[in-house]
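Engineer: Below you will find the structure I want to go over with you.
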Amino acid sequence: MNIYTVQNYEALCTKSADLISELIQSKPNCNLGLATGSTPLGIYEELVKRYKNGSLDFSKAKSFNLDEYWGLSQEHPCSYSYYMRQNLFDHINMPEPQRNIPSGTASSAQSECFLYDQKISEAGHLDLLILGIGRNGHIGFNEPAQAFNMETHLVELDTVTRQDNARYFKTYEKIPSHAITMGIQSIMNAKQILLIASGSGKTEALSKMRNGQIDPSLPASILQLHENVTVIQDVDAAGLSI
Ligand code: PGA
């Protein structure tokens, strides 16, 4: 793993946006794997800025999001579909048919998951996948489990995840209990992974990811087996802040 420790969140966003921009400029028809949550927000803001100043063109790129809450429609303000439109898609020129997010309201979760993996592999796999990391070591919504779940699947969200995401919902009860998440296989098939982490809440998970056993109880540990992972963390996440 290539690990970059930067001074603060702003530097994390600039460095991450640099890496993503390099790919889009060198391969305009690239497949981007996108994450939601609070960490990517500044990165998306930076990408929008670069699109608006003419240095980035998303017209040929495709995107595949990591996950979506099960039961939330695209119009629900807490859905990741809504998040992506608000924070990125409404401000760039990636055509709608090129953007992919699992549907949280498909009639069959099982076929939605199967088709999602198929779409990713038919597109030729992801060129670059942005990953956050949960305090419990989850990637996407691959939660701590007895075994790595290779396929895209419907998952019951972990208590830690629901607590962490409670900030987006009016009450704890309103947080969906399940989500569809890209499975470990599509994640590991990405040619390059950019894992971003900010804040001291991530220090323990990051350390276990890099130095612990490869174990499904800490899903991010599987990334030890990937040959092209770049971690961009701020000093707080690295555990270096005073
Ligand atoms: P965060 O979420 O960016 O909101 O910290 C990361 C994650 O849970 O994957």
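The values are calculated or read from the model by the stated rules, or taken from the named source; none is laboratory data. What you are looking at is a predicted structure, and each value in this text was computed from that prediction instead of being measured. When we count neighbours, we look across all protein chains shown, and the Cβ atoms used for this are built from the backbone with ideal geometry, even at glycine.
Engineer: Inspect the range 102-114 for any residue being within 16 Å of the ligand (Cβ to nearest atom), at pLDDT 95 or above and surrounded by fewer than 16 Cβ atoms within 10 Å (Cβ to Cβ) and give the result as yes or no.
Structural biologist: no
Engineer: Follow-up question, since we're still on this one. Test each condition in (1) under 16 Å from the mean Cα position of the chain (by Cα); (2) more than 16 Å from the ligand (Cβ to nearest atom) for Tyr82 and report the one that comes out false.
Structural biologist: It fails just one condition, (2).
Engineer: Okay, moving on. Going through the range 1-53 one residue at a time, which ones are charged (D, E, K, R) and either under 14 Å from Leu194 (Cα atoms) or within 17 Å of the chain's Cα centre (by Cα) (or both)?
Structural biologist: Lys15, Asp18, Glu22, Glu45, Glu46
Engineer: Let me ask another. Can you confirm whether Tyr51 is within 29 Å of Gln224 (Cβ to Cβ) and surrounded by 14 or more Cβ atoms within 10 Å (Cβ to Cβ)?
Structural biologist: No; evaluated as a whole, the condition is false for this residue.
Engineer: Hey, another quick one. So which of Ser207, Ser186, Ser198, Ser221 is among the hydroxyl-bearing types (Ser, Thr, Tyr) and over 16 Å from the mean Cα position of the chain (by Cα)?
Structural biologist: On inspection, the qualifying residue turns out to be Ser207.
Engineer: Across the range 1-26, what is the number of residues that are touching a Lys or Arg at 6+ places or on another chain (Cβ under 9 Å) and either modelled with pLDDT under 95 or surrounded by fewer than 15 Cβ atoms within 10 Å (Cβ to Cβ) (or both)?
Structural biologist: Residues that pass the stated criteria total 2.
Engineer: Still on this structure, I have one more. Take the residues in the range 127-176 that are more than 22 Å from Ser73 (Cα to Cα) and more than 18 Å from the chain's Cα centre (by Cα), then tell me which one is surrounded by the most Cβ atoms within 10 Å (Cβ to Cβ).
Structural biologist: The extreme case among them is Ala145.
Engineer: Any residue in the range 29-58 that's more than 21 Å from Tyr80 (Cα to Cα): show its pairings with residues that are among the aromatic types (Phe, Trp, Tyr) and away from the ligand (no atom under 15 Å from the Cβ) at Cβ separation under 8 Å, as long as the two are six or more apart or on different chains.
Structural biologist: From residues that are more than 21 Å from Tyr80 (Cα to Cα), the pairs are Tyr51/Phe58; Asp57/Tyr51.
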